[in-house]
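Worksheet: one structure, shown below.
The values are calculated or read from the model by the stated rules, or taken from the named source; none is laboratory data. Here the structure is a predicted model, which is why all the values come from computation and not from measurement. Note that each Cβ is placed from the backbone with ideal geometry, even for glycine, and that neighbours are counted across all protein chains shown. Only protein heavy atoms, including side chains, enter the accessible area calculation; ligands, DNA and RNA are left aside. Shrake-Rupley method; radii C 1.70, N 1.55, O 1.52, S 1.80 Å.
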Amino acid sequence: MNTAPKSTLALDVREENFPAEVLQSKQPVLVEFWTSWSRPCRILDSILQEIAAVWAGKAKVVRVNADDSLNLSLWYDIQFIPTLLYFVQGKPCLRIVGTASKEAILAKLRPLQRPG
């Protein structure tokens, strides 16, 4: 039986390290605002892990617990969870509210990806 912890490709971010991990990132960053009690967030988690694996080295995927980071939730007007925000050069360029398939998320993000 495998008792190793589940590999997490998406980084958990808090208010303290949000500026360094998201706003000052050289790479685009997909941020999920989530909570532990939300079933839709749990469903979206595996999809985001797949996206993080596909994007490794090209963009970052991070998670912000909306309950633990209320100032960020208020600042970015998070009214529903899960909410995905896509940051390019420190600015939010896209918002996706609710669950979506990997293909649907990538289709929305593809036009915003930098070439190369």
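Kindly evaluate I47 against the criterion of being in a helix (DSSP H, G or I), open to solvent by less than 50 Å² (accessible area, probe 1.4 Å) and out of contact with any Lys or Arg (no Cβ under 9 Å at 6 or more places or on another chain). No, not satisfied. Condition test on N71, is it under 12 Å from the mean Cα position of the chain (by Cα), closer than 18 Å to E15 by Cβ and either surrounded by 14 or more Cβ atoms within 10 Å (Cβ to Cβ) or modelled with pLDDT of 95 or more (or both)? The answer is no for N71.
Scan the stretch 91-115 residue by residue and report those that are in contact (Cβ under 8 Å) with a residue 12 or more places away in the chain and charged (D, E, K, R).
The initial filter retains those residues of the stretch 91-115 that are in contact (Cβ under 8 Å) with a residue 12 or more places away in the chain, namely 92-102, 105-106, 108-109, 112-114.
Scanning the stretch 91-115 gives R95, K102, K108, R114.
If you go through the stretch 92-101 one residue at a time, do you hit one that is out of contact with any strand residue (DSSP E or B) (no Cβ under 9 Å at 6 or more places or on another chain), at pLDDT below 95 and of a type outside the set (G, A, S)? Yes, that holds for at least one residue. Looking for something touching a Leu at 6+ places or on another chain (Cβ under 7 Å) and open to solvent by less than 20 Å² (accessible area, probe 1.4 Å) - is there at least one such residue anywhere in the stretch 5-13? Taking every residue of the stretch 5-13 in turn, at least one turns out to be touching a Leu at 6+ places or on another chain (Cβ under 7 Å) and open to solvent by less than 20 Å² (accessible area, probe 1.4 Å). Applying the set (1) part of a loop (DSSP other than H, G, I, E, B); (2) open to solvent by less than 20 Å² (accessible area, probe 1.4 Å) to E16 leaves exactly one unmet item: (2). Within the stretch 19-44, the only residue that satisfies the criterion of being surrounded by fewer than 19 Cβ atoms within 10 Å (Cβ to Cβ) and among the aromatic types (F, W, Y) is W37. The numbered conditions (1) open to solvent by 50 Å² or more (accessible area, probe 1.4 Å); (2) within 14 Å of the chain's Cα centre (by Cα); (3) of a type in the set (D, E, K, R); (4) modelled with pLDDT under 95 are all true for R114 except (2).
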